[in-house]
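J.: There's a structure below that I have some questions on.
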Amino acid sequence: MPGWPLDPLYAHLAAAMLAIVLLVGAAQKLADRDAFAGALAQYRLLPESWVDPAAWLLPLSELAAGTLLLPMATRSAGAWAALALLAMVTGAVAINLLRGRSHIDCGCGGPEGRQHLSWWLVMRNAVLGLLALTALVPVAARELMWLDGLTVATGAIGLYLLYAVCNQLLANAPRLLELKGVER
């Protein structure tokens, strides 16, 4: 941590971007809960009887963490919840990669669905974890102006769009290699 407080703009931007990722991810998983439950089952980390409850619990936890990140009064709880979720799902990805099981759906949901496990996903989640840590850093006391609010809103949306593009590239990479005839 730096020896001085962070400008609140950066903490707000990190919290807003991470909240968008969590809230959109939760909505996508809840919208197609059967597909998400199928992806969870592929990980082979939970007893079969726990998969269905976990397919509810994980997106509801994402929804809670994303919601808690938005108000200043609950931001710390949201950031810690996000870190815990990220550690858990990243651990599940890493365990399966170490088992040699990279050809399963990550369960991330969304239009980039059917994304295979990769170390890139682990790195993506590490970046999201850094956003959660940034939301926890003490901030300088300064009054925010309307331009700060506009900067946070447009910056968070822009960063989310960049995140979505990167996710789509990760999802398409194996397909492109397959079209080229390159073995992984």
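J.: Would you confirm whether or not the range 19-36 contains a residue that is basic (Lys, Arg) and either farther than 19 Å from Gln168 by Cβ or modelled with pLDDT of 95 or more (or both)?
T.: First, pick out the residues of the range 19-36 that are basic (Lys, Arg): 29, 33.
Next, from what is left, pick out any that are either farther than 19 Å from Gln168 by Cβ or modelled with pLDDT of 95 or more (or both): 33.
The answer is yes, given that some residue of the range 19-36 is basic (Lys, Arg) and either farther than 19 Å from Gln168 by Cβ or modelled with pLDDT of 95 or more (or both).
J.: Okay, moving on. Out of the residues in the range 23-50 that are farther than 20 Å from Leu97 by Cα and of a type in the set (A, V, I, L, M), which is most open to solvent (accessible area, probe 1.4 Å)? Walk me through how you get there before you give the answer.
T.: Filtering the range 23-50 for residues farther than 20 Å from Leu97 by Cα gives 23-35, 48-50.
If we keep only those that are of a type in the set (A, V, I, L, M) too, we end up with 23-24, 26-27, 30-31, 35.
Details: Leu23: 52, Val24: 46, Ala26: 0, Ala27: 58, Leu30: 56, Ala31: 89, Ala35: 30 Å².
This residue is Ala31.
J.: Cβ contacts < 7 Å: first residue open to solvent by less than 50 Å² (accessible area, probe 1.4 Å), restricted to the range 64-85; second residue of a type in the set (D, E, K, R), any location; separation 6+ or different chain. Result?
T.: The qualifying pairs are Leu69/Arg75; Leu85/Glu62.
J.: Now for a different question. Yes or no: the range 58-75 includes at least one residue that is in contact with a Lys or Arg (Cβ under 9 Å, 6 or more places away or on another chain), in a helix (DSSP H, G or I), farther than 13 Å from Ala132 by Cβ and modelled with pLDDT under 95.
T.: Scanning the range 58-75 turns up no residue that is in contact with a Lys or Arg (Cβ under 9 Å, 6 or more places away or on another chain), in a helix (DSSP H, G or I), farther than 13 Å from Ala132 by Cβ and modelled with pLDDT under 95.
J.: Return the only residue of Val93, Val51 being part of a helix (DSSP H, G or I), modelled with pLDDT of 95 or more and farther than 25 Å from Leu18 by Cα.
T.: Working: Val93 fails: farther than 25 Å from Leu18 by Cα.
Just a single option satisfies the conditions, and that option is Val51.
J.: Tell me, yes or no, whether the range 111-127 has at least one residue that is in a loop (DSSP other than H, G, I, E, B), open to solvent by less than 30 Å² (accessible area, probe 1.4 Å) and of a type in the set (A, V, I, L, M). Talk me through it step by step, then tell me what you get.
T.: Residues of the range 111-127 that are in a loop (DSSP other than H, G, I, E, B), as a first pass: 111-115, 117-118.
Okay, now just the ones that are also open to solvent by less than 30 Å² (accessible area, probe 1.4 Å), so 112-113, 115, 117-118.
Filter once more, so that each one left must be of a type in the set (A, V, I, L, M): 117.
Yes.
J.: What pairs come up if the first residue lies in the range 155-181 and is at negative phi, the second is among the basic types (Lys, Arg), and their beta carbons are under 9 Å apart, counting only those six or more places apart or on different chains?
T.: Qualifying pairs under 9 Å: Tyr163/Arg124; Cys166/Arg124; Asn167/Arg124; Leu170/Arg124; Ala171/Arg114; Pro174/Arg184; Leu177/Arg184; Glu178/Arg184.
The values are calculated or read from the model by the stated rules, or taken from the named source; none is laboratory data. What you see is a predicted model, and the numbers here were worked out from it, not measured in a lab. No Cβ is skipped: glycine too gets one built from the backbone with ideal geometry, and neighbour counts run over all protein chains shown. When the accessible area is computed, the model is the full protein with side chains, heavy atoms only, and any ligands, DNA or RNA have been set aside. Shrake-Rupley method; radii C 1.70, N 1.55, O 1.52, S 1.80 Å.
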